[in-house]
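A quick write-up on the structure given underneath.
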Amino acid sequence: MENQALIAVESGRKAVSEKHIKDYQENGFVKVSNLISRECALNFREYSKNLAVDNVNGRDHEGRLNQIVNVWQIDDVMKELTLKEEFFSIAEQLSGVPLRIWHDHILSKAPKNELATEWHQDQAYWPHQNSKNSISVWIALQDTTVEMGCMGFIPKSNIFDQLRTQELDNSRSLYTIEPELEFMEKRIVPLKAGDATFHHGRTAHRGGPNLLDEWRMAHVVIYMDKCTEFNNGSHIITNQLIEDGIEVPVGKELNQTIFPCREVLKTLKDDLKKDFSGKKKWRSLYK
Ligand SMILES: O=C(O)CCC(=O)C(=O)O
């Protein structure tokens, strides 16, 4: 993508209010309106849609969701969005701890895709220990209504912090694992283009079916605690690092270059060009 014109990331906001922080701390998720401008969101929508449609290697989760992982390492345009410092700062304001980027992903749902991404928590899929505050920002790249497959959340479900992984194609999987969750309130959160939700790694959520004729495009950046350690679990991101010959010691901090904390963000872009030149491949596997 060397000659690709960059898309300016116009931040709608640089900080969140005390109310956002309180809501997030209470419920395990919060909606943040106007995280980026509408125009910026729509520009990224077109760009990322072309990547998703062209991406034959993007993982298709039994037809329900197409996912391109770590796109920021292989595409300079998307990197501008993923590395936006304001998102990082807001994630730290909400979680209240220093963080690192775990990975990003483009999550797209094809038109007339009637399959939901069923209720699940993210954390159980990750090879992490010592990470109690992981947080994802899910940015709507177009107006994302219920009909288009917006996200839904179970407030306070992050109190269940020991659950095993759930099946994304089974609407009852989460409830089978923790029956109490079936009776807890569900909140469906339609978003306008440029709005976002931030959710905790243990907050149960679901992406609805896309009943419309348009692609549903979202860009997601996941942050983990800065002190997160590798627990030797199998995961596409760490498996790939190991395959690339990078050391990932068990029980030690995940502090490799691709997991930047905020202090190194500014210097990162040039370093990454060096580190990843010649290694442009699509990496895509869920969670
Ligand atoms: O976009 C979706 O439909 C699901 C998103 C999701 O599961 C996530 O961001 O963790």
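How many residues does segment 87-142 contain that are of a type in the set (S, T, N, Q), touching a Cys at 6+ places or on another chain (Cβ under 6 Å) and crowded, with 19+ Cβ neighbours inside 10 Å? Write out each step before concluding.
Initial filter on segment 87-142 (of a type in the set (S, T, N, Q)): 89, 93, 95, 108, 113, 117, 121, 123, 129-131, 133-134, 136, 142.
In the following step, the residues that additionally are touching a Cys at 6+ places or on another chain (Cβ under 6 Å) were identified as 130.
Those still in the list that are crowded, with 19+ Cβ neighbours inside 10 Å too: none.
Residues that pass the stated criteria total 0.
Please find, within segment 228-259, the residue that is modelled with the lowest pLDDT out of those that are charged (D, E, K, R) and either within 17 Å of the chain's Cα centre (by Cα) or not in a loop (DSSP other than H, G, I, E, B) (or both). Show your work before the answer.
Filtering segment 228-259 for residues charged (D, E, K, R) gives 229, 243-244, 247, 252-253.
Restricting the remaining residues to those that are either within 17 Å of the chain's Cα centre (by Cα) or not in a loop (DSSP other than H, G, I, E, B) (or both) gives 229, 243, 253.
On the way: GLU229: 98, GLU243: 92, GLU253: 97.
That would be GLU243.
Can you tell which of TRP119, TRP72, TRP102 is within 16 Å of the ligand (Cβ to nearest atom) and either of a type in the set (Ser, Thr, Tyr) or over 15 Å from the mean Cα position of the chain (by Cα) (or both)?
Details: TRP72 fails: either of a type in the set (Ser, Thr, Tyr) or over 15 Å from the mean Cα position of the chain (by Cα) (or both); TRP102 fails: either of a type in the set (Ser, Thr, Tyr) or over 15 Å from the mean Cα position of the chain (by Cα) (or both).
When all the criteria are applied, what remains is TRP119.
Taking only segment 185-200 into account, find how many residues are near the ligand (Cβ under 10 Å from one of its atoms) and assigned to a loop (DSSP other than H, G, I, E, B). Outline the logic, then answer.
Filtering segment 185-200 for residues near the ligand (Cβ under 10 Å from one of its atoms) gives 197, 199.
Add one more test, that the residue is assigned to a loop (DSSP other than H, G, I, E, B), and what stays is none.
The number of residues fulfilling the criteria is 0.
Which condition breaks for VAL97 when tested against (1) in a loop (DSSP other than H, G, I, E, B); (2) within 15 Å of the ligand (Cβ to nearest atom)?
It is condition (2) that VAL97 fails.
Taking ARG13 and the conditions (1) of a type in the set (Lys, Arg); (2) closer than 26 Å to PHE230 by Cβ; (3) in contact with a strand residue (DSSP E or B) (Cβ under 8 Å, 6 or more places away or on another chain); (4) not in a strand (DSSP E or B), which numbered condition does it fall short on, given that it satisfies the others?
The failed condition is (2).
Of (1) of a type in the set (A, V, I, L, M, F, W, C); (2) surrounded by fewer than 15 Cβ atoms within 10 Å (Cβ to Cβ); (3) in contact with a Gly (Cβ under 9 Å, 6 or more places away or on another chain), MET224 satisfies all except one. Which?
Status for MET224: all satisfied but (2).
I need the full set of residues from segment 229-268 which are free of Cβ contacts under 8 Å to residues at least 40 places away in the same chain and of a type in the set (A, V, I, L, M, F, W, C), in order please.
Passing the criteria: LEU241, ILE242, ILE246, VAL248, VAL250, VAL264.
Looking at ASN43, ASN57 in this structure, which one is among the polar types (S, T, N, Q), loosely packed, with under 15 Cβ neighbours inside 10 Å and either at pLDDT 95 or above or not in a helix (DSSP H, G or I) (or both)? Steps first, please.
Values: ASN43 fails: loosely packed, with under 15 Cβ neighbours inside 10 Å.
One residue alone meets the criteria, ASN57.
Kindly provide the set of residues from segment 201-227 that are part of a strand (DSSP E or B), within 11 Å of the ligand (Cβ to nearest atom) and within 28 Å of ILE101 (Cα to Cα), ordered by number. Lay out the reasoning, then the answer.
Step one: list which residues in segment 201-227 are part of a strand (DSSP E or B), which gives 205-207, 210, 216-225.
Filter again for within 11 Å of the ligand (Cβ to nearest atom), leaving 205-207, 210, 216-222.
Those that are part of a strand (DSSP E or B), within 11 Å of the ligand (Cβ to nearest atom) and within 28 Å of ILE101 (Cα to Cα): HIS205, ARG206, GLY207, ARG216, MET217, ALA218, HIS219, VAL220, VAL221, ILE222.
Which of the residues belonging to segment 178-206 are of a type in the set (A, V, I, L, M), surrounded by 19 or more Cβ atoms within 10 Å (Cβ to Cβ) and out of contact with any Ser or Thr (no Cβ under 7 Å at 6 or more places or on another chain)?
Answer for segment 178-206, where residues must be of a type in the set (A, V, I, L, M), surrounded by 19 or more Cβ atoms within 10 Å (Cβ to Cβ) and out of contact with any Ser or Thr (no Cβ under 7 Å at 6 or more places or on another chain): ALA193, ALA196.
So in segment 133-155, with the set limited to residues that are in contact with a helix residue (DSSP H, G or I) (Cβ under 9 Å, 6 or more places away or on another chain) and more than 26 Å from LYS79 (Cα to Cα), which one is nearest to the ligand (Cβ to nearest atom)?
It comes out as PHE153.
Quick one: ARG64 ticks every box in (1) part of a loop (DSSP other than H, G, I, E, B); (2) under 14 Å from ALA140 (Cα atoms) except a single one, so which number is it?
Failing condition for ARG64: (2).
Inspect segment 3-23 for any residue being within 27 Å of HIS235 (Cβ to Cβ) and either more than 17 Å from the chain's Cα centre (by Cα) or modelled with pLDDT of 85 or more (or both) and give the result as yes or no.
Initially, segment 3-23 is screened for residues within 27 Å of HIS235 (Cβ to Cβ), giving none.
The answer is no, given that none of the residues of segment 3-23 is within 27 Å of HIS235 (Cβ to Cβ) and either more than 17 Å from the chain's Cα centre (by Cα) or modelled with pLDDT of 85 or more (or both).
I'd like to check something: does segment 85-92 contain any residue that is more than 16 Å from the ligand (Cβ to nearest atom) and over 27 Å from CYS261 (Cα atoms)?
no
The values are calculated or read from the model by the stated rules, or taken from the named source; none is laboratory data. Computed from a predicted structure; not experimentally measured. Note: ideal-geometry Cβ built from the backbone for every residue, glycine included; neighbour counts use all protein chains shown.
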